[in-house]
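Data block below; observations after.
The values are calculated or read from the model by the stated rules, or taken from the named source; none is laboratory data. Everything quoted here is computed from the prediction, not taken from an experiment. Neighbour counts are summed over all protein chains in view; Cβ atoms, including those assigned to glycine, are modelled from backbone coordinates with ideal geometry. Each accessible area value is taken on the protein alone, full model and side chains, heavy atoms only, with ligands, DNA and RNA left out. Shrake-Rupley method; radii C 1.70, N 1.55, O 1.52, S 1.80 Å.
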Amino acid sequence: MKLATYKNSTRDGELVVVSRDLKKCVKATKVAPTLQSALDDWDNVSPQLERLYQSLNSGDLADSFDFEEPACASPLPRSYQWADGSAYVNHVELVRKARGAELPDSFWTDPLMYQGGSDSFIGPRDDIPLGSESWGIDFEAEIAVITNDMPMGTSPEKAADHIKLLMLVNDVSLRGLIPAELAKGFGFFQSKPSSAFSPVAITSDELGSAWKNGKVHLPLLSTLNGELFGKPEAGEDMTFDFPTIVSHAAKTRPLGAGTIVGSGTVSNKLNGGPGKHVNDGGVGYSCIAEVRMIETINSGSPQTPFMKFGDTISIEMLDKEGQSIFGKIDQKIVEYSTP
């Protein structure tokens, strides 16, 4: 099943069911007005949405209409909770290595996670407004899951049953602000502005055999200013699968329906070491910071600049037939004007 949120005059938009090929959709407001309301009563609502989805794919609905990704907000335009993990420890290892720090052994067994701002997600085709290029503007291509209500202390085995939907993420990061914030010992805040999610959220069965062992086994594509920047395999080098990081988030608190948990930057190794640029025969990267880390490790300083006003980033995942699964995140960095 594929679901999206069309923008309207309200904060939370209106829920639509989207066809498997992303060409048609139908309003689902008679079943659930918003995605959050569907998640609040998922066991009762999801079978009704599934029937609508099957009818849409069969061409049996006279009230269907063309699906337009630019009309979408993020599937959850706002969420009660957005927690981002770092399941790809290779990425963390490179960050630390670039500044001469060793990776603690615990990072391989105890996931990293921070709680991000969730009150104002950006639409997948909306501009990213930011105040200064000096902030070190970066994208981070990730995968995220959405849960229903989940009790505190849920095990990884049981956490898998609470994962109801998957999305792609552009977790916007301001690298120039991160060091000073982390030095305070209190975590990210200003360095993590609003994130954006794919036009469509999907149930895991839409991935077929690509969803295995709590991981998505397909390349995640990032295109920076029209050039392929990264195509890492999301199922490889993922130290912590989604049930594990969702369980980690619920260790000391229950997770409310609509909680979003991210994978962190998708990152692959190459022959046991740092990756290579796509143009050099590698799978590239899911953020600019990672290539800058590798440049620093190899030559002592980074050469690749962070994003500037006018730069564009797109993030997408294709199935084995080359069809888009989640739709495309496609955004431009613009200068923010204070009202």
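Across the chain, Cα pairs under 8 Å and at least six residues apart give a relative contact order of 22 percent. Report the residues of the range 108-136 in range of a label on residue 180: point 7 Å along Cα→C-beta, backbone N strictly under 17 Å from it. Flagged as within label range: 131-136.
If the chain linking residue 68 and residue 308 were pulled fully straight, counting 0.36 nm for each residue of separation and taking away their Cα-Cα distance, it would gain 83.6 nm.
For residue 162, the solvent-accessible surface with a 1.4 Å probe is about 40 Å², rounded to the nearest 10.
Let's test the formula: R0 of 22 Å, r as the Cβ-Cβ distance of residue 227 and residue 318. What FRET efficiency results, to the nearest 0.05? The computed FRET efficiency comes out at 0.80.
Note on the range 80-178: percent of Cα-Cα distances in each 5 Å bin, starting at 0 and stopping at the bin with the largest distance, equals 2, 9, 15, 22, 19, 15, 11, 6, 1. Once the 1.4 Å probe is applied to the protein heavy atoms, the range 93-163 comes out at 49 Å² accessible per residue.
The distance separating the Cα centre of the range 6-50 from that of the range 126-201 comes to 23 Å. 3J(HN,Hα) couplings calculated from phi for the range 250-259 with the Karplus curve 6.51 cos²θ - 1.76 cosθ + 1.60 (θ = phi - 60°) are, in sequence order, 9, 4, 10, 8, x, 9, x, 3, x, 5 Hz; Gly and Pro show x. One way to sum up the overall shape of the range 145-195 is the equivalent ellipsoid from its Cα gyration tensor, whose semi-axes run 30, 15, 8 Å, largest first. Dipole magnitude for the range 1-74: about 120 debye, using +1 per Lys or Arg Cβ and -1 per Asp or Glu Cβ, origin at the Cα centre.
Here the mean projected area of the convex hull built on the C-alpha positions of the range 1-80 is 5.0 nm².
In a simple Cβ point-charge model (Lys, Arg +1; Asp, Glu -1; nothing else charged), the chain has a dipole of about 300 debye relative to its Cα centre. Within the range 51-91, the ratio Rg/Rh, alpha carbon atoms throughout and Rh by Kirkwood, equals 1.21. In terms of accessible area, using a 1.4 Å probe and ignoring ligands and nucleic acids, 20, 78 rank largest first as 20, 78. Helix-only arithmetic for the chain: the sum of -39500 (n - 2.57) across DSSP H runs with n ≥ 4, divided by the residue total, places the mean residue ellipticity at 222 nm at -5000 deg cm²/dmol. For the chain, the longest principal axis of the alpha carbon atoms and the long axis of helix 89-98 meet at an angle near 30°. Short to long, the 10 Å bins of the Cα pair-distance histogram for the range 261-339 hold 14, 36, 35, 13, 2, 0 percent of all pairs.
A Cβ-based charge dipole, computed about the Cα centre of the range 1-155 with Lys and Arg at +1 and Asp and Glu at -1, lands at about 300 debye. Comparing the range 190-230 with the 2.2 N^0.38 Å rule of thumb, its C-alpha radius of gyration ratio is 1.55 (two decimals).
What are the lysines whose alpha-carbon lies under 28 Å from the alpha-carbon of residue 30, with same-chain residues fewer than 8 places away excluded? Result set, ordered by chain and number: 2, 7, 164, 328. Segment residue 37..residue 332, full-extension length gain: 103.1 nm, with 0.36 nm per residue of separation and the alpha-carbon distance subtracted. Surface exposure of the range 188-323, expressed per residue as accessible area with a 1.4 Å probe, stands at 41 Å². Name the shape class, rounded, prolate or oblate, that the alpha-carbon gyration tensor gives for the range 289-335, where a ≥ b ≥ c are the square roots of its eigenvalues, rounded holds for a/c under 1.5, and otherwise prolate holds if a/b is larger than b/c and oblate otherwise. Oblate, because a/c is 1.5 or more while a/b does not exceed b/c. Taking label positions 7 Å along the Cα-Cβ direction at both residue 269 and residue 299, the computed distance is 2.5 nm, reported to one decimal.
Provide the FRET efficiency to the nearest 0.05 for the residue 251-residue 50 pair, computing r from the beta carbons and using R0 = 41 Å. E between residue 251 and residue 50, to the nearest 0.05, is 0.80. Backbone phi angles across the range 200-217, fed through the Karplus curve with coefficients 6.51, -1.76 and 1.60 (θ = phi - 60°), yield HN-Hα couplings of 10, 9, 10, 7, 5, 5, 5, 8, x, 6, 6, 9, 8, 6, x, 9, 9, 9 Hz in residue order; Gly and Pro are listed as x. To put it simply, the accessible area of the chain at a 1.4 Å probe is 48 percent carbon and sulfur. Against the criterion of solvent-accessible heavy-atom surface with a 1.4 angstrom probe, 113, 238 sort, most first, into 113, 238. Computed on the Cα trace of the range 5-154, the radius of gyration divided by the Kirkwood hydrodynamic radius gives Rg/Rh = 1.06. For the range 156-231, taking Cα atoms only, Rg and Dmax work out to 16.5, 44 Å respectively.
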